[in-house]
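Right, one structure below, let's go through it.
The values are calculated or read from the model by the stated rules, or taken from the named source; none is laboratory data. Worth saying up front: this structure is predicted, and the values here are computed from it rather than measured. Cβ: placed from backbone, ideal geometry, glycine included. Neighbour counts: every protein chain shown. Please note that ligands, DNA and RNA were not included when accessible areas were found on the heavy atoms of the full protein model with its side chains. Shrake-Rupley method; radii C 1.70, N 1.55, O 1.52, S 1.80 Å.
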Amino acid sequence: MGVDVRKSALVEHSAADMFDLIEAAEHYGAFLPWFTGATIIERDEAVVVARIGVKNRGVAFSFTTRNPKRRPHWMAIKLESGPFRQFEGEWRLLELAPGACKVEFALHYEFDHHLIGRFAAPVFDGIARTMIDAFVARADRVLVAGPLPPTGGDLPNDGVSS
């Protein structure tokens, strides 16, 4: 039995800027306290593959996702490896007006091993349910200065060390 998370938000930022923020996993440490690092394995116009490290409340694990994408409107989340039996989702961004969009986040996951799942599930549940809020807050902090640099560039650090 898996967990389904569905959240959406209306934001005063363009879909392109929000997409770039979401796609740039190498910068998650600046605003996601549970994040321990990312290695970008592959990135081009059609896909980003990243290994993500997670640590929260003494539980640590990592996983790799292969995320097909169509900038600036959609990115899928597909598990390549990690402690999940199922892990898939997507980000959808709908441009509402210049400088405003609707962001939708959906994720379905289930841990593979009962022992790991018993400890990691409550931690990951909290992470997944607050994910969109963290990205919206980050956008509100860093996008007021203007558009983001191209993916892979340095994002402003808002005082949080990675």
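See the values below:
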quantity: Pairs with Cβ under 6 Å, 6+ apart, first in the range 39-59 and more than 14 Å from Leu79 (Cβ to Cβ), second open to solvent by 60 Å² or more (accessible area, probe 1.4 Å) and assigned to a strand (DSSP E or B); calculated: Thr39/Arg51; Gly53/Thr36; Lys55/Thr36
quantity: Checklist (1) aliphatic (A, V, I, L, M); (2) open to solvent by less than 30 Å² (accessible area, probe 1.4 Å); (3) closer than 25 Å to Val144 by Cβ applied to Ala38, failing item; calculated: (2)
quantity: Flag if Met131 is assigned to a helix (DSSP H, G or I), in contact (Cβ under 8 Å) with a residue 40 or more places away in the chain and closer than 17 Å to Asp20 by Cα; calculated: yes
quantity: Residue selected from the range 1-18 under the condition more than 14 Å from Trp91 (Cβ to Cβ), among the hydrophobic types (A, V, I, L, M, F, W, C) and in a strand (DSSP E or B), by the criterion most open to solvent (accessible area, probe 1.4 Å); calculated: Leu10
quantity: Condition check for Gly117: touching a strand residue (DSSP E or B) at 6+ places or on another chain (Cβ under 8 Å), at pLDDT 90 or above and surrounded by 12 or more Cβ atoms within 10 Å (Cβ to Cβ); calculated: no
quantity: Looking only at the range 60-98, and only at residues there that are under 19 Å from Val136 (Cα atoms) and touching a residue at least 60 places away in the same chain (Cβ under 8 Å), the one that is surrounded by the fewest Cβ atoms within 10 Å (Cβ to Cβ); calculated: Pro98
quantity: Flag for Gly37 being over 16 Å from the mean Cα position of the chain (by Cα) and within 23 Å of Val142 (Cβ to Cβ); calculated: no
quantity: Flag for Gly152 being at pLDDT below 65 and small (Gly, Ala, Ser); calculated: yes
quantity: Matching residues in the range 42-78 - criterion: being of a type outside the set (D, E, K, R) and either within 22 Å of Ser8 (Cα to Cα) or not in a strand (DSSP E or B) (or both); calculated: Ala46, Gly58, Thr65, Asn67, Pro68, Pro72, His73, Trp74, Met75, Ala76, Ile77
quantity: Count of the range 99-108 residues which are open to solvent by less than 40 Å² (accessible area, probe 1.4 Å) and farther than 11 Å from Ala9 by Cα; calculated: 3
quantity: Single residue of the range 41-59 satisfying the filter (open to solvent by 50 Å² or more (accessible area, probe 1.4 Å) and modelled with pLDDT of 95 or more) that is nearest to Gly82 (Cα to Cα); calculated: Arg51
